1. R0 = 35 Å: FRET efficiency of V15 with M35, Cβ-based, nearest 0.05?
2. Under the √(5λ) rule applied to the eigenvalues of the Cα gyration tensor, what semi-axes describe the equivalent ellipsoid of segment 13-54? Give them in Å, descending.
3. So what's the back-of-envelope 222 nm ellipticity for the chain, counting only DSSP H runs of four-plus at -39500 (n - 2.57) apiece and dividing by all residues, rounded to 500?
4. Would you order R36, R52 from fewest to most other beta-carbon atoms within 10 Å of each residue's own beta-carbon?
5. Quick one: angle between helix 11-61 and the longest Cα principal axis of the chain, in degrees between 0 and 90, rounded to 10, please.
6. Could you list F32, F109, F166 in order of exposure, starting from the residue whose Cβ has the fewest other Cβ atoms within 10 Å?
7. Which of I16, I33, I102 ends up with the largest GNM mean-square fluctuation for the chain, with Cα atoms connected below 10 Å?
8. Take A134 and K105, extend 7 Å from each Cα along the Cα→Cβ direction, and tell me the distance between the two endpoints in nm.
Amino acid sequence: MKMRSNKGFTLIEIVIVIMLLGIIAIVAIPQFIDMRTEARDEATKASLAALRSSVAIVVGAIAVKENPNLSPRYYPSYTEYSGNQLLAANPANHAKLAGTAIMDKASGFPINPWTQTNTIKDCDSKAKGTLLGAPNADDGWCYNQTTGEVWANSDISKGPTLENNF
């Protein structure tokens, strides 16, 4: 007579596996959530580096091609920056650079990883890190044309440093 072999798991084995998966989930999920915050913060820093570099490049181009004796430095106006091109009918009269894109036209401005928008808000006369109130709160980026500073117009991150202070 042939003996049957039971193929399968016992209830005890299944319960142990479920308990182990539960313990792993309890330990791993908080770490995963923290990594997402760190990833967004780092993406925000990278986007800000690109935005700030674009302002610095435009300042250099204006100084070299338009008026090398311009003092103090001229930053692109809010209209130019948010429109992503230098204009001829500007106070500095960008006759030579009119139509020049500030950021790559194909990719445009980077998206704020916290708000998922790439809008540029007018934050002239505001200190770096200041957030706009409603209805413009937590929306894209802030640009101060007087100082040429760019920062995140959001404070959603609950990390040690909020993204508007990068």
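1. Efficiency for this residue pair is about 0.70.
2. 40, 6, 4
3. -12500 deg cm²/dmol
4. R36, R52
5. The helix 11-61 is inclined about 10 degrees to the chain.
6. Ordered from fewest to most neighbouring Cβ atoms within 10 Å, F32, F109, F166 come out as F32, F166, F109.
7. I16
8. Calculated label separation equals 4.0 nm.
Every number in this text was worked out from the coordinates using simple rules, so none of it is lab data. Not measured: the values here are computed from a predicted model. Quick reminder, even Gly has a Cβ in these numbers, built from the backbone with ideal geometry, and neighbours come from all protein chains shown.
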